Amino acid sequence: MSKAKISAPRVLIVDDNVDNREYAREVLCTRWRCQEASDGCSALEAIRACRPDLVLLDLSMPGLSGWEVLERLKADEATREIPVVACTAHAMAGDRERALSAGFADYLAKPYRPADLRSLVERFVGVPEAPTTTPEAEDDGWGGADWSLAEDDWE
């Protein structure tokens with residue numbers, strides 16, 4: 001049995017705030033395949049099981065913080081190359097530099113504009129040329145992409 005090829009890159013959105021996850025998913029799911037995790041432990045499970053192309057990781061979460069999740073990902077040879085972007089509402093002077101020094105690929109302060117989030121994701125994973133609509137792709141837990149929006153509608 002062959003595995004479906006997925007052309008749309010996969011983005012894991014990790015945030016303990018459901019509204020933040022839903023907002024990011026709504027912004028991104030028209031171009032990329034998205035999955036959500038609500039805490040650090042479930043994020044690690046999803047990353048190890050599904051190998052996303054990019055992780056958007058909230059820094060302040062109960063249990064494992066985003067900092068701790070990143071530390072574990074970087075310590076694991078199987079996950080250390082996955083780009084992880086720090087996302088936080090607690091943006092303070094020096095936080096961006098601290099995040100980049102810790103190994104985050106980039107830093108995004110919340111609240112962010114949809115265009116800023118899309119631009120950031122594009123820099124890391126590009127924009128897929130065409131959707132995949134095979135049943136296997138739809139059942140892989142990464143959600144489907146809606147390709148009906150014109151490019152002008154993405155601003």
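Observations
- Residues being without any contact (Cβ under 8 Å) to a residue 24 or more places away in the chain, under 19 Å from Asn20 (Cβ atoms) and among the charged types (D, E, K, R) - total across the range 97-118: 3
- Listed by position, the strands (runs of 3 or more DSSP E) inside the range 1-109 whose residues that are among the β-branched types (Val, Ile, Thr) number at least 1 are 10-14, 54-58, 84-88.
- Evaluating Ile47 against the criteria (1) modelled with pLDDT under 95; (2) touching a Ser or Thr at 6+ places or on another chain (Cβ under 8 Å) leaves one unmet condition, (1).
- Taken as a whole, the condition of being surrounded by fewer than 18 Cβ atoms within 10 Å (Cβ to Cβ), farther than 18 Å from Val121 by Cα, touching a residue at least 24 places away in the same chain (Cβ under 8 Å) and not charged (D, E, K, R) applies to Ala78.
- Cβ pairs under 8 Å, 6+ apart, first in the range 37-65 and touching a residue at least 40 places away in the same chain (Cβ under 8 Å) and crowded, with 18+ Cβ neighbours inside 10 Å, second among the hydroxyl-bearing types (Ser, Thr, Tyr) and in a loop (DSSP other than H, G, I, E, B): Leu59/Ser65
- Filter result (modelled with pLDDT under 95 and either farther than 24 Å from Ser119 by Cα or among the β-branched types (Val, Ile, Thr) (or both)) within the range 28-44: Thr30
- Taking the conditions (1) at pLDDT 95 or above; (2) within 14 Å of the chain's Cα centre (by Cα) in turn, Glu71 satisfies each one other than (2).
- If you go through the range 11-36 and keep only what is of a type in the set (Lys, Arg) and buried (at least 21 other Cβ atoms within 10 Å of the Cβ), you end up with Arg31, Arg33.
The values are calculated or read from the model by the stated rules, or taken from the named source; none is laboratory data. Small disclaimer: the values here were computed from a predicted structure and weren't measured. Every residue, glycine as well, gets a Cβ built from its backbone with ideal geometry; the counts of neighbours run over all protein chains shown.
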